[in-house]
Amino acid sequence: MFFLIIIAGMYFWTALFEGNSTNSSRDISRSRRHIVTDKSRLTTPKVDQIKKQGFARYIGASSDTVMNDFGEPQEKVPSAINIQWWVYNLNENSYFKIGIDLMTHKVSSIFVGGKDGLQHEKLKVNMPFKKLVQLSSLYANFKLNYHEQSFQLELSEDDLNERPLLSFNNNSYAITYLHPSSKKVYAIEYVNADMLLKKKMYRIVSQTPLPVQFQGETDWTAMNEMLPADLIRMVNVKRSLAGTSSLILNDELTQASQTIIEQLGGNPRNFLNKKKSSIIKSVLNGNLNQKQGLYLYAQAVPKKLYRTVGLNRNSFDIYCLAPVYDNTAFFSDSVLLRLILPRLVSSNSKNIGIAYDRGMFVFIIDK
């Protein structure tokens, strides 16, 4: 019996402590593999770059070059990311804006949402996915050199299906936003490495800190006034290309939109739960790093909010969205692209009211 007790004791001792030791070894091994893997990911396969063409040629160009080639912009819209957007709306089917870096006075981003009118431009809005693939192979890994540091972008399967990335031989990139249903190119955003990293659209593997996304002072007064007009302009170009009549800005609906922002900003708990109220407070207090988004539309908008502005849910749709610091978010944010933008572009609505305040959009459209 004594011998059996000793054997049993040794068995349980081994199971208890050596098992834990094995688990610890496995954890250390996993950790080491993770570190090694991250280092190896910084040596991505070589990406075939496209010869610079069209708008890609202007990434890194001076603001004087832009002025000489495109003339005076229709508007200069500020942003919260240290660039000023020069908006060009040449006709009802054309829309593009050029982002001028306020520090370097050079082009860091160009967004194209309609027909561009450039000659010899192979990458175009509304081109089929099949032609996009013929223009360039689609890669899931990109290595970037930025300020003598190495970064690697990893595109997921969803990224490749929704926003594949192209690389040009002047160290510029094109984010191609695809239409959710047709998979045609819905919009194109040309960016330099700095802007690409700041947007944080793709998974980034890095051994050094990323560049700060929001820099400098934010001119909220100008943004509150100009972002709504820019959004309507962009949406109406898309409606024109889709064969839908333009939305008309309605003063009464605009006032109702402004009232909703004021009501939600004053006491959001009168209308929303604690979590959603917290997001609104954070955004309207100027927190540019608010991580969670607010998407209020359809049945998510409380009836009390409709009653506050005297509107009927059967006749009008209210949308409350935050945070949005640039209208390109309606293409880069998957929720806005899949659920909100199609409603604005494809609906039979004729009137819109819109208000904006420090990152929060409220707009109302008739049904």
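Points worth noting:
- Among all residues of the stretch 101-123, there is none that is in a strand (DSSP E or B), of a type in the set (A, V, I, L, M, F, W, C), open to solvent by less than 60 Å² (accessible area, probe 1.4 Å) and free of Cβ contacts under 8 Å to residues at least 24 places away in the same chain.
- Positions within the stretch 128-170 being closer than 20 Å to Met195 by Cβ, modelled with pLDDT of 90 or more, over 17 Å from the mean Cα position of the chain (by Cα) and assigned to a loop (DSSP other than H, G, I, E, B), in sequence order: Tyr139, Asn169, Asn170
- Filter result for Val212 (surrounded by fewer than 19 Cβ atoms within 10 Å (Cβ to Cβ), aliphatic (A, V, I, L, M) and either under 15 Å from the mean Cα position of the chain (by Cα) or at pLDDT below 90 (or both)): yes
- Contacts under 9 angstrom Cβ, first residue in the stretch 249-262 being more than 10 Å from Ile354 (Cβ to Cβ), partner hydroxyl-bearing (Ser, Thr, Tyr) and not in a helix (DSSP H, G or I), 6 or more apart: Ile261/Tyr356
- Which numbered condition Ala329 fails, given (1) under 10 Å from the mean Cα position of the chain (by Cα); (2) over 19 Å from Val87 (Cβ atoms); (3) not hydroxyl-bearing (Ser, Thr, Tyr): (2)
- Extreme residue, surrounded by the most Cβ atoms within 10 Å (Cβ to Cβ), among residues of the stretch 317-351 that are under 20 Å from Thr244 (Cα atoms) and among the aliphatic types (A, V, I, L, M): Leu344
- Looking across the stretch 55-86, just one residue is polar (S, T, N, Q) and on the phi > 0 side of the Ramachandran plot, and that is Asn82.
- Counting only helices (runs of 4 or more DSSP H) that sit completely within the stretch 1-92, those holding 3 or more residues that are modelled with pLDDT under 95, open to solvent by less than 100 Å² (accessible area, probe 1.4 Å) and more than 30 Å from Leu231 (Cβ to Cβ) correspond to 2-13, 19-41.
- Among the candidates Leu311, Leu296, Leu253, the residue that is touching a helix residue (DSSP H, G or I) at 6+ places or on another chain (Cβ under 7 Å) and at pLDDT 95 or above is uniquely Leu311.
- When the test is whether a residue is outside any helix (DSSP H, G or I), touching a residue at least 40 places away in the same chain (Cβ under 8 Å) and touching a Phe, Trp or Tyr at 6+ places or on another chain (Cβ under 6 Å), Ile318 does not pass it.
- Residue check for Ala355: farther than 18 Å from Arg239 by Cβ, in contact with a strand residue (DSSP E or B) (Cβ under 9 Å, 6 or more places away or on another chain) and in contact (Cβ under 8 Å) with a residue 40 or more places away in the chain: yes
- Enumeration of residues in the stretch 267-315 that are open to solvent by 70 Å² or more (accessible area, probe 1.4 Å) and in a loop (DSSP other than H, G, I, E, B): Asn273, Asn285, Asn289, Lys291, Gln292, Asn312, Asn314
- Residue satisfying condition, being touching a strand residue (DSSP E or B) at 6+ places or on another chain (Cβ under 9 Å) and crowded, with 17+ Cβ neighbours inside 10 Å, within set Pro164, Pro180: Pro164
- Hey, Glu225 at pLDDT below 85, surrounded by fewer than 15 Cβ atoms within 10 Å (Cβ to Cβ) and more than 30 Å from Leu160 (Cβ to Cβ) or not: no
- Search result, residues across the stretch 183-197 that are of a type outside the set (Val, Ile, Thr) and either in a strand (DSSP E or B) or open to solvent by less than 10 Å² (accessible area, probe 1.4 Å) (or both): Tyr186, Ala187, Glu189, Tyr190, Asn192, Met195, Leu196, Leu197
The values are calculated or read from the model by the stated rules, or taken from the named source; none is laboratory data. Since this is a predicted model, take the numbers as computed values, not measurements. In this analysis, Cβ positions are derived from the backbone assuming ideal geometry, glycine residues included, and neighbour counts consider all displayed protein chains. Accessible surface is based on the protein model in full, side chains and every heavy atom, while ligands, DNA and RNA are left aside. Shrake-Rupley method; radii C 1.70, N 1.55, O 1.52, S 1.80 Å.
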